[in-house]
Each structure stands twice: as C-alpha cells, then as structure tokens.
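First the structure, in the form of structure tokens, and then the observations on it.
The values are calculated or read from the model by the stated rules, or taken from the named source; none is laboratory data. Everything numeric here is computed off the predicted structure, so don't read it as measured data. Please note: Cβ atoms are built from the backbone with ideal geometry, for glycine as well, and neighbour counts cover all protein chains shown.
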Amino acid sequence: MLDKKIALVHEWLVTFAGSESVVEQMLALYPQSDLFTLVDFLPDAQRPLVQHKTATTSFIQNLPWAKKKYRSYLPLMPLAVEQFDLSAYDVILSSSHAVAKGVLTGPNQLHICYCHSPMRYAWDLYHQYLNESGLKTGLSGLIAKMILHYIRLWDYQSAQRVDYFVANSRYIARRIRKVYGREADVIYPPVDTRQFALGQQKENYYLTASRMVPYKKINLIVEAFTTMPHKKLVVVGDGPDYEKIKRLATPNIELVGYQSNEALVLYMQQAKAFIFAAEEDFGITPVEAQACGTPVLAFGKGGALESVIDQKTGLFFDRQQVDSLRDCVQRFEKTADQFDPVVIHQHAQQFSVENFRRTFNQYVSGKVTEWFTNR
C-alpha cells in the first residue's frame, strides 16, 4: 500500500460520531492519504483524530449558512462530490452514508466503499421522512418528492461505480443487495473497548444513552419506565426531543443530559442493564455497554442482532412498544444472575479498534494486490 497514492472520501466533517471513527482508523492505517469531504467544519480540538489533516472541500463549503445548514444542500451533493478530481490517485477509499461513494474514478483506479448505509431517507425511510417533515402534500411536498426521486436514481447509478463494497453489518449488506444489487463483505466498525472498561459492581438502575431524536425511541423507553415506578432509569443525552421527553418522565426516571465520555463510562459500568430501542445499522452504544460488562436489552432488529447474544450478553424485545419492552425488563429481572460481566466484556472485544484495523487492512491490501496484479 505504501507505493499507492490514496484518496479518502467522506461526506462531511462537522462532528465526530460513528462514521467519523471509521475515517479516523482509516487515516491511522494510511496516514499518507489525502482527505476529501463536501464540507469541513471539524473543531480544532478534534483535528488530531484525523491526523491534523484539513480536507479538500467542495463548493458547498462556501455557500451561505453551510456550517449549520449543510444538510439542506442535499440536492447539490451529487454534483458536488463529482467535482473532486481524483485522477492522480491509485486507490480511493470512501466512507459513505449518503454520496461519498459517488466520486468519479477511472478504469485503472480501485474504489473500495465502506458503506455505513444506503441513503435511508431516499429509500426505506422515504415515507417516514416525508411524514415527519410535513412534506406529504402540497407544493413543497411535490418538490421534495421530485428531488428524492432524482437522488434515488443517482444513488443507484453511482453505486455501480464502486469496485468493492464493505458493509458495517450483515444487516447493511442485505440493504446494499436490495437497493444497489451489489454484494458486500462485512467488517464491523471500530469501538473503543479499551475506554469502556469492565465494571463488575452493578447498581440498581437501568441506563439508556443517545442523542434525543425520534428514531432513537428514547420516548418509548421513558414511557415504558413510567409504567414501572419501582425501577430506576437513567437517561444520558440531549437533542431536539429533550424537553418533550423530560415532560414524560416520572420520579423514577432521571434525565442527566449530555455527559462526558468519562461520566458515560461510569454510568455504563455501574448500570444493571443498558436499554436500546432503536433499529440501527449497527449500533455503537450497545457494544460500549457490553465492553463495560453490562447486559443489553435491545430491540430485536437491525445491527443489534449481530452484537448482542440473546440470553448470554442480553435479551431482545420484538416490538417497539411499551408492553414489549416492559416484558423484556421483567424477563431480565428474573434471570439477571445468569449474565456474567466478564463473559459480556470478552464478547465485546471482537469489535475493538485493533480488530477493525487488522481486518480492514488485510482486506484492502488483498484487494489492492489482486487489482493491480491483474491490470
């Protein structure tokens, strides 16, 4: 790999979340890479996470209100990502949950896409997005539907430019097959299992932690615990739904807002169980909880099915409804003694940063050797 010139393409650098942690590890593996993103507003304090690189950005970087409203420029993103001139590079690695995979490459260039998800609001969450945005009817709704129709066409067509897809879970590999008609290999994303260290002394509370947006279903978790007044729930996180969720809370539910990583680790280490009600592509927080030796009570769809082992590292509930979650908590209460924090912690190690680096580097090196040997 050292003799190949590498470009790394990601949608945007604004905050540091799950997809950015993949970018961080790619750059740690290939520090000689040049970085390309549509916009780059990453704070200086987080620059070390991307090897102090400043990305080559698109014209969207300089549009009005781009720092806060960059997502509003979605209709321009396909055009913007196609303007990156990558002709000088041998290998293109894209970290994509929207348009990064759509860069233009030539027949002698190798493009490997690590796909966090096909663009959900254009495909399987299309109708939900229109409903939640108030765009089901009217002129603005018609315009939104036309834009998303165009985005879907471009999204499928641009997926055919990728030479190899890597999915972050088997769940996403199935979605890539469904939406793009492409096969994908699976490499789970990196989780900092060292920071989320084992804690064997548990206290008498349940925990959930998330940004408070609708699909995370924090309201469902809070509503379920309002029906179990003798069970304590701690809720970590903030976001647009914070005040609405706060109004639902009863005295047994403690909303503590945003917490530092150090405080979150302590909460996870001491919780008797972690509650996870979202249908996620993979889901980092359930793995972090397990790394702390804490069992996870999770909605039984999406990536959680691949990170949680039923009746060994956690339990599943089958519907995103209060009665289903309440039943899961009650089942856990009867079997809590069977969950061994050490076993749960050891299970989480397969998702470690070190394992990701080793697996991803072996994968990319193998594809590079194969690709350029056969040229």
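Remarks
- Residue match in the range 286-298 (condition: modelled with pLDDT under 95 and of a type in the set (D, E, K, R)): no
- Residue within the range 127-146 that is of a type outside the set (Asp, Glu) and under 24 Å from residue 86 (Cβ atoms) present: no
- Taken together, the residues in the range 179-199 that are closer than 30 Å to residue 157 by Cβ and either touching a residue at least 40 places away in the same chain (Cβ under 8 Å) or not assigned by TED's automatic domain parsing to the domain that holds residue 152 (or both) amount to 7.
- Applying a threshold of 9 Å to beta carbon distances and a minimum spacing of six or more residues, or different chains, the list of pairs starting in the range 318-336 at a residue that is among the small types (Gly, Ala, Ser) and ending at one that is surrounded by fewer than 17 Cβ atoms within 10 Å (Cβ to Cβ) and at pLDDT 95 or above reads 324/318.
- Hey, residue 228 surrounded by fewer than 20 Cβ atoms within 10 Å (Cβ to Cβ), outside the structural domain of residue 133 (by TED's automatic domain parsing) and in contact (Cβ under 8 Å) with a residue 40 or more places away in the chain or not: yes
- Within the range 234-251, considering residues that are under 19 Å from the mean Cα position of the chain (by Cα) and modelled with pLDDT under 95, the one surrounded by the most Cβ atoms within 10 Å (Cβ to Cβ): 237
- Considering the range 197-212, the residues that are in contact with an Asp or Glu (Cβ under 9 Å, 6 or more places away or on another chain) and at pLDDT below 95 include one that is farthest from residue 343 (Cα to Cα), namely 212.
- Residues that are under 19 Å from the mean Cα position of the chain (by Cα) and not in a loop (DSSP other than H, G, I, E, B) do not occur anywhere in the range 51-61.
- Test set (1) at pLDDT 95 or above; (2) more than 21 Å from residue 21 (Cα to Cα) - residue 375 fails condition number: (1)
Every residue, every condition in (1) assigned by TED's automatic domain parsing to the domain that holds residue 185; (2) assigned to a strand (DSSP E or B); (3) surrounded by fewer than 22 Cβ atoms within 10 Å (Cβ to Cβ), yes or no:
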{"site": "78", "(1), (2), (3)": "yes, no, yes"}
{"site": "88", "(1), (2), (3)": "yes, no, yes"}
{"site": "92", "(1), (2), (3)": "yes, yes, no"}
{"site": "98", "(1), (2), (3)": "yes, no, no"}
{"site": "101", "(1), (2), (3)": "yes, no, no"}
{"site": "105", "(1), (2), (3)": "yes, no, yes"}
{"site": "118", "(1), (2), (3)": "yes, no, no"}
{"site": "124", "(1), (2), (3)": "yes, no, yes"}
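- Of the residues 218, 172, the single one that is β-branched (Val, Ile, Thr), in the same structural domain as residue 318 (by TED's automatic domain parsing) and either touching a strand residue (DSSP E or B) at 6+ places or on another chain (Cβ under 7 Å) or crowded, with 20+ Cβ neighbours inside 10 Å (or both) is 218.
- None of 217, 312 is in contact (Cβ under 8 Å) with a residue 24 or more places away in the chain and more than 22 Å from residue 18 (Cβ to Cβ) except 312.
Yes/no matrix, rows are residues, columns are (1) among the small types (Gly, Ala, Ser); (2) within 30 Å of residue 246 (Cα to Cα); (3) surrounded by fewer than 18 Cβ atoms within 10 Å (Cβ to Cβ); (4) at pLDDT below 95:
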site	(1), (2), (3), (4)
127	no, yes, yes, yes
138	yes, no, yes, yes
185	no, no, yes, no
214	no, yes, yes, yes
